[in-house]
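Quick notes on the structure that follows.
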Amino acid sequence: MLIAGNWKMNMTRPEAVRLATEVLSKYSPTDSVRAAVCPTAVCLESVGAVISGSGIGLGAQNMHAADSGAYTGEVSAAMLKSVGCDYVILGHSERRQYFGETDAGVNGKVHQALSNGLTPIVCVGEQLHEREAKRAEEVVRNQTEGALAGIGLSDPTTLVVAYEPVWAIGTGVTATPEQAQEMHAFIRSLLVSLLGSVGTSVDILYGGSMKPGNAAELLSQEDVNGGLIGGASLKADQFLAIVEAAQFA
Ligand code: 13P
């Protein structure tokens, strides 16, 4: 199980340090659940210093696919590694929606993350109109196959996939546990056909209005192996309540 907090574009550096400090002060590591926080790029180093040695992982929210060069405003995998990142969220629906990210673009970033020793958290998920048109599986298949094209894995912990139905993000509407399990099982079958048997052990996170009140039920589903938490990760108590729910799921 992995519970990762996506802090999105929230919190200045002092605020981020305060939140990380509060999370750390109430966090007790367990063998069954890993926790990670993903602050903005400018807060990675200072949040990383707070959680260093605690077992809480550090993740970025995006990166560029190239090694280095004339890409003003961008951040590379090696830069993220050098400030202590373990994870990088790639292909989040907000990046697809507002910044024009494509499956091919995400694929380049996934290759780059893996070759730099960063674990990508690859986000997939359909929009409401696509679900209503019964195209959810087709959309998720295209995103998953596109993002993971040409990837070979020997260690399943080096890749994480997050199913985030766009209609559930920041809306307070969650997928039902049955809807989540159904799509996670479908993603599991895609991972096995793309990656072979290693695909059976890749964590598939659910994201979209996961809160302390609904986490246990979602996380108890067979193919729901954790959560990617937005709003609730900005409150230490709520984030840790979800981490605790994962321990008993
Ligand atoms: P919310 O938990 O705020 O719905 O956000 C989910 C998300 O987008 C995590 O990446």
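The values are calculated or read from the model by the stated rules, or taken from the named source; none is laboratory data. Because the structure is predicted, anything quoted here is derived from the model rather than measured. Positions of Cβ are backbone-derived with ideal geometry, glycine not excepted, and every protein chain shown enters the neighbour counts.
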**Report entry** Residue, farthest from the chain's Cα centre (by Cα), within the stretch 172-188, restricted to residues that are closer than 16 Å to Val122 by Cβ and without any contact (Cβ under 8 Å) to a residue 60 or more places away in the chain
**Finding:** Phe186
Query raised in the report: What tally of residues in the stretch 75-94 results from selecting those that are within 16 Å of Val166 (Cα to Cα) and either modelled with pLDDT under 95 or of a type in the set (Val, Ile, Thr) (or both)?
Result: 1
Requested in this report: Restrict the check to the stretch 126-137 and report whether at least one residue is within 16 Å of the ligand (Cβ to nearest atom), in contact with a Gly (Cβ under 8 Å, 6 or more places away or on another chain) and either hydroxyl-bearing (Ser, Thr, Tyr) or at pLDDT 95 or above (or both).
Outcome: no
Requested in this report: Would you mind finding the one in Glu101, Glu22, Glu45 that is acidic (Asp, Glu) and within 18 Å of Glu164 (Cα to Cα)?
Outcome: Glu101
Query raised in the report: Taking the stretch 126-150 on its own, how many of its residues are free of Cβ contacts under 8 Å to residues at least 12 places away in the same chain and part of a helix (DSSP H, G or I)?
Result: 4
Query raised in the report: Scanning for something buried (at least 16 other Cβ atoms within 10 Å of the Cβ), in contact with a His (Cβ under 7 Å, 6 or more places away or on another chain) and of a type in the set (Val, Ile, Thr), does the stretch 190-203 turn up at least one residue?
Result: no
Query raised in the report: Do we have any residue at all in the stretch 45-52 that's at pLDDT 95 or above, part of a helix (DSSP H, G or I), out of contact with any His (no Cβ under 6 Å at 6 or more places or on another chain) and farther than 26 Å from Ala246 by Cβ?
Result: yes
**Report entry** Filter result (surrounded by fewer than 17 Cβ atoms within 10 Å (Cβ to Cβ) and at positive phi) within the stretch 119-160
**Finding:** Lys134, Gly150
Report summary line: If we ask which residues in the stretch 69-97 are out of contact with any strand residue (DSSP E or B) (no Cβ under 6 Å at 6 or more places or on another chain) and more than 16 Å from the ligand (Cβ to nearest atom), their number turns out to be 14
